[in-house]
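The structure appears right after this line, and notes come after that.
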């Protein structure tokens with residue numbers, strides 16, 4: 001049995017304060033070409049929503065003019081950007097006089113492969129609702145405008161929604177899903193919800209964090225070293241629940257509401273243990289001063305990353321690109337086939353976690369002289385030469401000497417080498433250019449080697465060939 005020390009190393013990092021509000025390392029962000037959503041523009045939308053509340057009795061409750069003016073503001077921006085925009089009156093189940101849902105579809109991509117991104121636009125009566133839920137609404141709006149401005153080739157269809165009457169019982173989203181035909185529901189591949197993503201004492205939470213739907217959202221926050229947790233507080237309490245009731249896969253970001261931050265969360269993320277994630281939850285002080293700009297920025301960019309991962313395509317490549325990933329079982333979720341070598345390293349091992357799903361390849365990690373390798377033979381298409389993989393390096397070594405190494409090889413030729421010096425608190429996506437092997441069959445291998453003492457674990461997941 002291997003001697004694994006990853007948990008102890010992580011605990012030491014937290015104890016030393018290394019887990020507090022981690023900075024983004026220069027090489028740690030995912031390499032997918034998703035845009036950096038400008039958080040100053042997100043906050044400009046919040047400023048307008050706050051002004052709307054100020055002109056309408058201090059709130060944007062679904063039954064008031066503040067909500068209707070919020071709908072008009074968002075709708076105007078979307079129409080100008082080229083979206084197909086629909087106001088859907090909630091004719092049953094909603095509060096008397098509630099305003100409409102607002103649905104905006106980017107009219108490109110496969111209409112039978114829809115990815116929905118939603119946030120409730122209404123506030124409670126007590127205040128303007130800047131975190132709850134101006135934050136999710138504004139982040140979605142700027143993501144929608146960014147998608148339109150970038151205008152990439154679309155693989156799937158993206159649909160945005162701003163829900164009415166959430167605060168009275170998820171009524172707007174429930175009405176929307178009930179109104180769909182069975183075929184229309186089946187066309188929704190996944191729904192992503194964003195409710196309170198700027199809590200001032202917040203944490204980094206993901207709905208169904210280990211699900212396939214959550215994988216890109218978790219990948220982005222993992223790349224920032226945030227170590228996100230399951231959104232247990234929000235389970236069944238926001239609009240994603242309406243979709244779950246019909247078996248539609250869901251996920252989403254949140255930073256927390258009225259529940260209190262634990263001491264371990266404060267050690268990991270900063271903030272005040274024992275205090276509410278949002279001290280102004282459902283209160284009049286939920287205004288522009290109640291916004292965590294760092295969290296808002298990280299969520300906004302994670303939304304963009306998810307859109308690009310799920311729905312943005314690479315266009316017509318004449319059949320020589322990445323319509324089908326040449327790497328089989330790159331996430332190791334289907335067992336060990338067709339991987340060769342030390343396939344016992346593949347599994348759902350305790351002491352480490354997968355980048356997505358539940359399984360991964362854990363190379364080395366013994367604390368003694370050892371070498372382990374896994375490999376696979378693939379044919380590299382001319383338009384699919386970017387080898388990407390997610391790697392978590394966990395080590396008990398210190399200093400700048402490379403004692404333990406991880407190598408990537410093609411037909412025995414070393415293409416990349418990393419070591420204990422490159423250790424990070426979470427997964428990092430790495431890329432290797434296979435352009436020299438285009439049109440050829442090649443054996444790819446990943447090898448972890450340790451010297452005689454102090455463990456280094458190389459945890460590999462989600463290997464893929466992409467357009468390059």
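Quick notes on this one:
- Region 27-57: number of residues that are within 22 Å of the chain's Cα centre (by Cα), in a loop (DSSP other than H, G, I, E, B) and at pLDDT 95 or above: 2
- Helices (runs of 4 or more DSSP H) enclosed by region 121-233 - at least 3 residues per element that are within 16 Å of residue 302 (Cα to Cα) and at pLDDT 95 or above: 135-150
- Any hit, region 123-139, residues being crowded, with 17+ Cβ neighbours inside 10 Å and free of Cβ contacts under 8 Å to residues at least 24 places away in the same chain: no
- When residues of region 59-90 are limited to those that are in contact with a helix residue (DSSP H, G or I) (Cβ under 8 Å, 6 or more places away or on another chain) and either in a loop (DSSP other than H, G, I, E, B) or not assigned by TED's automatic domain parsing to the domain that holds residue 127 (or both), the one farthest from residue 123 (Cα to Cα): 82
- Residues in region 101-119 that are touching a residue at least 40 places away in the same chain (Cβ under 8 Å), more than 19 Å from the chain's Cα centre (by Cα) and either within 21 Å of residue 89 (Cβ to Cβ) or in a loop (DSSP other than H, G, I, E, B) (or both): 101, 102, 103, 104, 105, 106, 108, 109.
- Of the residues making up region 373-385, not a single one is within 30 Å of residue 155 (Cβ to Cβ) and free of Cβ contacts under 8 Å to residues at least 24 places away in the same chain.
- Test: residue 353 is within 23 Å of the chain's Cα centre (by Cα) and either without any contact (Cβ under 8 Å) to a residue 24 or more places away in the chain or assigned to a loop (DSSP other than H, G, I, E, B) (or both): yes
- Scan of region 241-277 for residues that are more than 26 Å from residue 176 (Cβ to Cβ) and assigned to a loop (DSSP other than H, G, I, E, B), ordered by number: 258, 259, 261, 262, 270, 271, 272, 273, 274, 275, 277
- Scanning region 282-307 for residues that are out of contact with any strand residue (DSSP E or B) (no Cβ under 7 Å at 6 or more places or on another chain) and surrounded by 21 or more Cβ atoms within 10 Å (Cβ to Cβ) yields 286, 290, 291, 292, 295, 296, 298, 300, 301, 304, 305.
The values are calculated or read from the model by the stated rules, or taken from the named source; none is laboratory data. All values derive from a computational prediction rather than experimental measurement. In this analysis, Cβ positions are derived from the backbone assuming ideal geometry, glycine residues included, and neighbour counts consider all displayed protein chains.
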